[in-house]
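Following: one structure in structure tokens, then a few remarks.
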Amino acid sequence: MAEECIFCKISRGEMDTDFIHEDEQCVVFNDINPKAKTHLLIVSKRHLPSLADAKDSDADLLSHMLLVAGKIAKDKELKGYRVQIHTGKEGGQEIFHIHYHLMSPF
Ligand code: AMP
Ligand code: ZN
């Protein structure tokens, strides 16, 4: 499954994506179809399908990604922003590899 997953491919660096940030646990890049002036995706390197699949052992990864979102917003001096996690088809999730949307009108 992970071999077919677009966000696994991107996070492995196989898609020539420009990363705004990369560390041992996640990558950050621009959403291909932005719904706000700033619209970034914080994507885990490890394949976890969604928040609904998260376990206690994923706490470090999930909190790390949230802190990365906050640090990037600070670096970009965004006056305000939203972080969204679409979860499940009914929650609007299209790509079943966990990611946070960082969106801002600034
Ligand atoms: P969702 O699963 O609802 O959180 O939405 C997936 C998001 O990924 C959408 O906002 C898409 O525009 C975005 N997306 C899909 N494919 C790519 C890609 N190759 N590069 C960047 N963003 C993408
Ligand atoms: Zn994946």
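The values are calculated or read from the model by the stated rules, or taken from the named source; none is laboratory data. From a predicted model like this one, the values you see are computed outputs, not experimental measurements. Note that each Cβ is placed from the backbone with ideal geometry, even for glycine, and that neighbours are counted across all protein chains shown. The accessibility values were calculated without ligands, DNA or RNA, using every heavy atom of the protein model including side chains. Shrake-Rupley method; radii C 1.70, N 1.55, O 1.52, S 1.80 Å.
For segment 10-38, how many residues meet the condition of being more than 9 Å from ligand 1 (Cβ to nearest atom), free of Cβ contacts under 8 Å to residues at least 24 places away in the same chain and open to solvent by less than 80 Å² (accessible area, probe 1.4 Å)?
The qualifying residues number 3.
When segment 42-98 is examined, which residues are found to be open to solvent by 20 Å² or more (accessible area, probe 1.4 Å), in contact with a Pro (Cβ under 9 Å, 6 or more places away or on another chain) and within 16 Å of ligand 2 (Cβ to nearest atom)?
Hit for segment 42-98 is PHE96, nothing else.
Collect the residues in segment 1-48 that are under 16 Å from ALA73 (Cα atoms) and among the aliphatic types (A, V, I, L, M), keeping them in residue-number order.
If the condition is that a residue be under 16 Å from ALA73 (Cα atoms) and among the aliphatic types (A, V, I, L, M), then ILE20, VAL27, VAL28, ALA36, LEU40, LEU41, ILE42, VAL43 are the ones that fit.
Take segment 37-50 and flag every residue that is within 20 Å of GLY70 (Cα to Cα) and either in contact with a His (Cβ under 9 Å, 6 or more places away or on another chain) or basic (Lys, Arg) (or both).
The answer is LYS37, HIS39, LEU40, LEU41, ILE42, VAL43, SER44, LYS45.
So which of ASP56, ASP60 ends up being acidic (Asp, Glu) and more than 16 Å from CYS26 (Cα to Cα)?
Just a single option satisfies the conditions, and that option is ASP56.
Just a yes or no: is a residue in segment 3-10 within 24 Å of PHE106 (Cβ to Cβ) and under 11 Å from the mean Cα position of the chain (by Cα)?
Looking for residues that are within 24 Å of PHE106 (Cβ to Cβ) and under 11 Å from the mean Cα position of the chain (by Cα), one finds none in segment 3-10, hence no.
Scan segment 39-50 and give yes if some residue there is away from ligand 1 (no atom under 11 Å from the Cβ) and among the small types (Gly, Ala, Ser), otherwise no.
Scanning segment 39-50 turns up at least one residue that is away from ligand 1 (no atom under 11 Å from the Cβ) and among the small types (Gly, Ala, Ser).
Restricting the first residue to segment 77-103 and requiring it to be touching a residue at least 24 places away in the same chain (Cβ under 8 Å), which pairs with a second residue that is among the basic types (Lys, Arg) meet a Cβ separation below 8 Å and a spacing of at least six or different chains?
Close Cβ pairs satisfying both conditions: HIS101/ARG82; LEU102/ARG82; MET103/LYS35; MET103/ARG82.
Does SER50 meet the test of being farther than 24 Å from PRO105 by Cα and either among the aliphatic types (A, V, I, L, M) or within 12 Å of the chain's Cα centre (by Cα) (or both)?
yes
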